[in-house]
Amino acid sequence: LEMPRKYTNPLLLPIEVGKSKPAVVDLPPADHIYGIKSNLDCEGAGSVIGGWLEHQPNAAAIPGRDFKTLNRMAIMSGNGVTATQVASFRREHDARLKGGHERVHQGVHLPSSQDPVFSYGIKSGERIPMDSIMSNQYLKDFLSQQEVKQEQHQLAKKHIPVMHTKASLGHRFVEPVNDTSKPFKMKKFLNVPPRLRAMADA
């Protein structure tokens, strides 16, 4: 089905809900695979993890000079008293360090060599069930523990007794004093009787 000319502009394409936009260019057939084909290595991840290549020293590599041995040889020959004699002796004689391939190889005995199921490292604590982690059970347990602690704290606050002091106890049992003094009045109102006028008498 050929697309109308007006729909070759991607900005004018009609958008249908739940569907992708139609293409405005010619695409390869449906069985076409996009991308660049990668050349897989013959050695996979299983062979890399399962095998371990040990270092093989280069037999043709010449080790460095052993200056300690040269100095010892110069002293034993009587030519190692001064620096000039030592330098002259080094030019005429040579001694090399022993490489790893020349040393006597001593076998390393590991626990896993005798016990195939031996595991290295520090043993972890109690096994944590995955369903408790996914269901957030530890948070629920923590909240329930906090509620219990809060209730205990409230109960402890209610049972705290009130400790009275001598002053507070003395204030509780003070006898009231009768006040016989006359209320204050201005002199011009001393002989004026009280008056009360109700709203009904108005």
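The values are calculated or read from the model by the stated rules, or taken from the named source; none is laboratory data. Nothing here was measured: the structure is a model prediction, and the numbers come from that model. Here Cβ is always computed from backbone atoms with ideal geometry, including for glycine, and neighbour counts include all displayed protein chains. The accessibility values were calculated without ligands, DNA or RNA, using every heavy atom of the protein model including side chains. Shrake-Rupley method; radii C 1.70, N 1.55, O 1.52, S 1.80 Å.
Each part gets one Cα centre, and for region 134-153 versus region 13-30 those centres are 55 Å apart. In a reduced charge model with +1 at each Lys and Arg Cβ and -1 at each Asp and Glu Cβ, the chain shows a dipole moment near 2140 debye about its Cα centre. Can you tell me, using C-alpha contacts under 8 Å and at least 6 residues apart, the relative contact order of the chain as a whole percent? Relative contact order of the chain: 10 percent. Among Ser168, Val117, Ser135, pick out the residue whose Cα is farthest towards the positive end of the charge dipole of the chain, where Lys and Arg carry +1 and Asp and Glu carry -1 on C-beta, about the Cα centre. Farthest along the dipole direction, towards plus: Ser168. Here, the chain has an Rg and a Dmax of 51.7, 147 Å when only alpha carbons are counted. Projecting the Cα atoms of Ile15, Leu53, Ile33 onto the charge dipole of region 8-60, computed from C-beta unit charges around the Cα centre, puts Ile15 farthest toward the positive end. Measuring nothing but protein heavy atoms, the accessible surface of the chain at 1.4 Å probe radius is 59 percent carbon and sulfur. Across Ala45, Ala74, Ala61, mean-square fluctuation computed from a Gaussian network of the chain (C-alpha pairs under 10 Å connected) peaks at Ala45. Largest GNM mean-square fluctuation among Gly18, Gly46, Gly121, using the chain with Cα springs under 10 Å: Gly18.
The aspartates and glutamates whose alpha-carbon is closer than 18 Å to the alpha-carbon of Lys21, local same-chain residues fewer than 8 away aside, are Glu2. Using all pairs of distinct alpha-carbon atoms, the Kirkwood hydrodynamic radius of region 109-182 works out to 20.5 angstrom.
Partners of Lys149 within straight-line reach, counting lysines whose Cα lies under 29 Å from its Cα and excluding those fewer than 8 residues away in the same chain: Lys140, Lys157, Lys158.
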